[in-house]
1. Pick from 76, 86, 199: which residue has the top mean-square fluctuation in a GNM of the chain where Cα pairs under 10 Å get a spring?
2. Any idea what the relative contact order of the chain is, in percent, if you count C-alpha pairs under 8 Å spaced at least 6 apart?
3. Can you tell which of 213, 170, 131 shows the greatest fluctuation in a Gaussian network model of the chain with Cα springs below 10 Å?
4. Which residue fluctuates the most in the chain, going by a Gaussian network model with Cα springs under 10 Å, if the choices are 183, 47, 105?
5. Does the chain come out rounded, prolate or oblate by the C-alpha gyration tensor, with a ≥ b ≥ c the root eigenvalues, rounded set by a/c under 1.5 and, if not, prolate when a/b is larger than b/c and oblate if not?
6. By how many degrees, between 0 and 90 and to the nearest 10, does the Cα long axis of helix 30-43 differ from the longest principal axis of the chain?
7. How big is the gap, in Å, between the Cα center of the stretch 167-241 and the Cα center of the stretch 1-58?
8. For a quick check: sort 141, 148, 21 by the number of other beta carbons within 10 angstrom, fewest at the front.
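The numbers here are math on the coordinates, done by the rules we state, and not lab data. The structure presented is a predicted model; accordingly, all values stated were derived computationally and were not measured. So basically every Cβ, Gly included, is an ideal-geometry build from the backbone, and we count neighbours across all protein chains shown.
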C-alpha cells in the first residue's frame, strides 16, 4: 500500500508520464512500478493514454467524498448541458489545485472549439478563464502564490506580468466574469464565472469556449454567470439524508 501511494504521489502536477519516468520519479524499479500500476489502472486511479500514464478520475471522486460536499460534477452537469445547448460552445467545469486548474468535466457543443483541455488534465491557473474566475474569488494567499510564480506564456496575449495579472483579477471581481481572449490559444476565446460558496469564495468555475469570432462574448458572459449562480445555489441545498 505504501509503495502504491508513493507511485500516485510521483505523478507530475500536469500531463501524462511514461512508465520509465514514473519509475524514476518514484524511486522504484520499472518492473515494480509496472506490477503496482495494474490494480491502480483496474480501479480507475490511473489511466493509460497510449504509452503514457495519468491520474484517473477516481481520485477526484474520492476527494469530493472526503470534502463532505455534494458531488460537484453531478450537481453541475445538467446546468452545463443547458449552457452547451444555449451557446453551442465547449463547456468546462474546473477546480483549483495549488497554482493550476483541474478539469472535472468537458462538454463539446455544436460549434467545436480548439480548446486543448482534457477531463482530469491540468492547466496553469492564469492561462484560462476558469482559472482567472477562481483566482479572483480566492484567498489573498492563493493569489499571492500565483502572481509570485513564473507566469508562463502560451501565446503573445498571455498575461505574464505580475501587475497585469493583479489588474485582471480586479476586473474579474468587479464584473463577476473572466474572459480569455487568445491567452491560451490565439484562435480561442473563453468566458468563465466562479461557483462560490456561502462566504463568496470560489470552489470551482464554469466556462464556455469557442473559436475566436464564433460567439457573442457579452451574451455568453451573461449565460455563464447565470449558470455558475445556479450551480452554487444547488450546491448550497441540504443533501437528503
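1. 199
2. After rounding, I find 17 percent.
3. 213
4. Answer for the Gaussian network model of the chain: 47.
5. Since a/c reaches 1.5 and a/b is larger than b/c, the shape of the chain is classed as prolate.
6. 50
7. With the stretch 167-241 and the stretch 1-58 each reduced to a Cα centre, they are spaced 33 Å.
8. Sorted ascending by nearby Cβ count, the order is 141, 148, 21.
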